[in-house]
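To start, the structure under review is shown below, and the notes come after it.
The values are calculated or read from the model by the stated rules, or taken from the named source; none is laboratory data. These numbers were taken from a predicted model, which means no experiment stands behind them. A quick note on method: Cβ atoms are made from the backbone with ideal geometry, for glycine too, and the neighbour counts reach across all protein chains shown. The area values use the complete protein model at the heavy-atom level, side chains included, leaving out ligands, DNA and RNA. Shrake-Rupley method; radii C 1.70, N 1.55, O 1.52, S 1.80 Å.
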Amino acid sequence: MQVMILAGRPGMLDARIESAIDKRPVSRPQYCGVDGLSDDVQVSARYHGGPERALHYYPREHYEFWRCWFQGMGLTRTRTLLGPGAFGENLSGTGLLESEACIGDIYRLGEALVQISQPRSPCYKLNARFGYDFFSVLVQANGRAGWLLRVLEEGEVMPASALTLVDRPCPEMPVKRAGDIVFNQAFDRAGLAELAELDCLSASWRKKAADYLAAGRVDDWTGRLLGPK
């Protein structure tokens with residue numbers, strides 16, 4: 001399937017929040033390295049980017065859902081933002097959803113080889129971007145968050161590139177299932193144990209699952225979803 005390649009530079013979402021979430025289609029070939037695309041920048045390296053979060057894919061199909069929801073909520077100003085790159089994605093395409101793509105999927109992207117490493121964890125910057133204080137909570141709860149990828153083989157990608165499935169080593173763990181286990185269930189011991197042992201899942205998510213198992217409960221996500229008080 002064909003995907004659009006997008007990259008972004010830092011900017012202010014409001015008076016307090018700096019972000020590079022506003023991605024735009026690139027007009028020239030990109031080098032896709034272990035830390036992402038050559039023209040892409042991440043503001044907060046602790047939470048964004050890096051080898052396990054080099055790229056973000058967001059299904060373009062979701063935009064029509066959000067357009068309807070924004071209209072129903074009367075968010076007419078930010079409704080105009082809805083288009084490829086609005087969720088901070090580097091890869092935008094149709095034909096692959098969270099319920100179909102699986103943790104560990106390996107894809108050829110131009111000259112690069114990429115692999116799904118974890119679901120995307122929505123954060124409070126989505127609230128600032130779209131003008132709705134609990135938007136991140138909604139994105140997390142309904143599973144329309146997309147996913148992150150690592151780069152196994154570096155190489156050049158064109159502004160519009162083919163994304164071709166090469167291998168699916170973990171067909172039992174769709175991205176949506178992984179996200180639901182961690183985010184949308186009170187405490188799924190069996191599911192968390194499965195994630196903790198899933199080699200192709202990012203180390204941070206394996207540790208998250210192991211920590212939840214040890215504590216006997218899932219974490220409090222208020223800070224990530226709603227921002228600092």
- When only residues in the stretch 1-34 that are open to solvent by 40 Å² or more (accessible area, probe 1.4 Å) and free of Cβ contacts under 8 Å to residues at least 24 places away in the same chain count, which is farthest from His56 (Cα to Cα)? Ala15
- Sole miss for Asn127 among (1) open to solvent by less than 70 Å² (accessible area, probe 1.4 Å); (2) at pLDDT 95 or above is condition (2)
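With open to solvent by 20 Å² or more (accessible area, probe 1.4 Å), in a strand (DSSP E or B) and in contact (Cβ under 8 Å) with a residue 12 or more places away in the chain as the only criterion, which of Leu152, Leu163, Leu97 stands out?
On inspection, the qualifying residue turns out to be Leu152.
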- Query: Quick one: which of Gln140, Gln115 is on the phi < 0 side of the Ramachandran plot, part of a helix (DSSP H, G or I) and under 14 Å from the mean Cα position of the chain (by Cα)?
  - Reply: Gln140
- For Pro228, all conditions in the list (1) open to solvent by 70 Å² or more (accessible area, probe 1.4 Å); (2) touching a Phe, Trp or Tyr at 6+ places or on another chain (Cβ under 9 Å); (3) in a strand (DSSP E or B); (4) not polar (S, T, N, Q) hold save one; what is the number of the exception? (3)
- Of Pro84, Pro59, the only residue that is within 24 Å of Gly11 (Cβ to Cβ), in contact with a strand residue (DSSP E or B) (Cβ under 8 Å, 6 or more places away or on another chain) and either open to solvent by 30 Å² or more (accessible area, probe 1.4 Å) or of a type outside the set (Val, Ile, Thr) (or both) is Pro84
- Residues in the stretch 190-198: is at least one touching a Pro at 6+ places or on another chain (Cβ under 9 Å) and in contact (Cβ under 8 Å) with a residue 60 or more places away in the chain? no
- Hey, among the residues in the stretch 60-85 that are among the hydrophobic types (A, V, I, L, M, F, W, C) and part of a helix (DSSP H, G or I), which one's farthest from the chain's Cα centre (by Cα)? Met73
